[in-house]
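Engineer: Let me begin by handing over the structure; questions about it come next.
The values are calculated or read from the model by the stated rules, or taken from the named source; none is laboratory data. Fair warning: this is a prediction, and the values are worked out from it, not measured in the lab. Quick reminder, even Gly has a Cβ in these numbers, built from the backbone with ideal geometry, and neighbours come from all protein chains shown.
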Amino acid sequence: MIELGIMIEAGAWERLPDAEALAQKAAEAALAVTYEAGGAFEASVMLTDDAQVRELNRTWRAKDKPTNVLSFPAPEQPGATGPRHLGDIALAYETLVRESEEESKELAHHFAHLIVHGVLHLLGYDHEVEAEAEIMEGLEVKALATLGIADPYRDMAA
């Protein structure tokens with residue numbers, strides 16, 4: 001189980017009215033396909049805009065540009081009680097919309113994919129090397145399938 005604290009920091013997110021419920025379902029789907037499935041977790045999700053994500057990306061990753069999703073894993077706290085805080089996720093609305101249009105994907109489906117992607121990062125998965133990317137993408141595809149969302153990578157094969 002995962003409890004999300006969702007903050008809407010930019011008005012454009014009202015165009016995706018079910019964002020909070022969909023984020024919850026996507027986060028639960030990400031957990032369900034990992035070894036962490038039986039644990040109790042919490043995470044924060046900030047739904048914001050390109051300007052704020054650009055600032056976060058510049059500050060924390062030295063990349064002066066917006067991106068679709070950023071994940072900030074929290075360190076484990078030995079001896080802590082209650083749900084384990086996984087960390088924070090930030091999503092940029094304009095980038096989400098632009099990518100979903102460019103890739104001919106439903107906005108809600110792309111949003112769910114980015115939530116799954118972000119939660120997997122919080123759990124320690126990465127895609128910096130090919131072997132890790134294959135594992136992470138496989139988990140994303142499996143989680144999205146449980147939500148009735150098609151493989152987002154199927155048309156990207158070389």
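Engineer: Report, by residue number, each residue of the stretch 42-61 that is surrounded by fewer than 16 Cβ atoms within 10 Å (Cβ to Cβ) and charged (D, E, K, R).
Structural biologist: Matches in the stretch 42-61: 55, 58, 61.
Engineer: Does residue 33 satisfy being within 18 Å of residue 126 (Cβ to Cβ), modelled with pLDDT of 90 or more and more than 13 Å from the chain's Cα centre (by Cα)?
Structural biologist: yes
Engineer: Pairs, please: C-beta under 7 Å, at least 6 apart or cross-chain, first residue touching a residue at least 24 places away in the same chain (Cβ under 8 Å) and within 18 Å of residue 137 (Cα to Cα) and in the stretch 19-46, second of a type in the set (S, T, N, Q) and not in a strand (DSSP E or B)?
Structural biologist: 29/146; 32/146
Engineer: Shifting gears a bit: Just one of (1) of a type in the set (S, T, N, Q); (2) touching a residue at least 12 places away in the same chain (Cβ under 8 Å); (3) out of contact with any strand residue (DSSP E or B) (no Cβ under 6 Å at 6 or more places or on another chain) trips up residue 100, so point out which.
Structural biologist: The one condition residue 100 does not meet is (2).
Engineer: Here's something else I'd like to know. Determine which member of the set 117, 110, 127 is assigned to a loop (DSSP other than H, G, I, E, B) and of a type outside the set (D, E, K, R).
Structural biologist: None of the other options fit; the residue is 127.
Engineer: Follow-up. Can residue 80 be described as small (Gly, Ala, Ser) and not in a loop (DSSP other than H, G, I, E, B)?
Structural biologist: Answer is no for this residue.
Engineer: Would you be able to tell me the number of residues in the stretch 60-77 that are without any contact (Cβ under 8 Å) to a residue 24 or more places away in the chain, in contact with a Lys or Arg (Cβ under 9 Å, 6 or more places away or on another chain) and either part of a helix (DSSP H, G or I) or hydroxyl-bearing (Ser, Thr, Tyr) (or both)?
Structural biologist: 0
Engineer: For a quick check of your reading of the model, give me the residue pairs whose first member lies in the stretch 117-143 and is over 18 Å from residue 29 (Cα atoms), whose second is part of a helix (DSSP H, G or I) and of a type in the set (Val, Ile, Thr), with beta-carbon atoms closer than 9 Å and at least 6 apart or on different chains.
Structural biologist: 127/135
Engineer: Related question: Kindly evaluate residue 72 against the criterion of being in contact with a Pro (Cβ under 9 Å, 6 or more places away or on another chain) and either under 21 Å from residue 123 (Cβ atoms) or among the β-branched types (Val, Ile, Thr) (or both).
Structural biologist: no
Engineer: Across the stretch 92-140, what is the total count of residues that are in contact with a Ser or Thr (Cβ under 7 Å, 6 or more places away or on another chain), buried (at least 18 other Cβ atoms within 10 Å of the Cβ), under 22 Å from residue 52 (Cβ atoms) and not hydroxyl-bearing (Ser, Thr, Tyr)?
Structural biologist: 5
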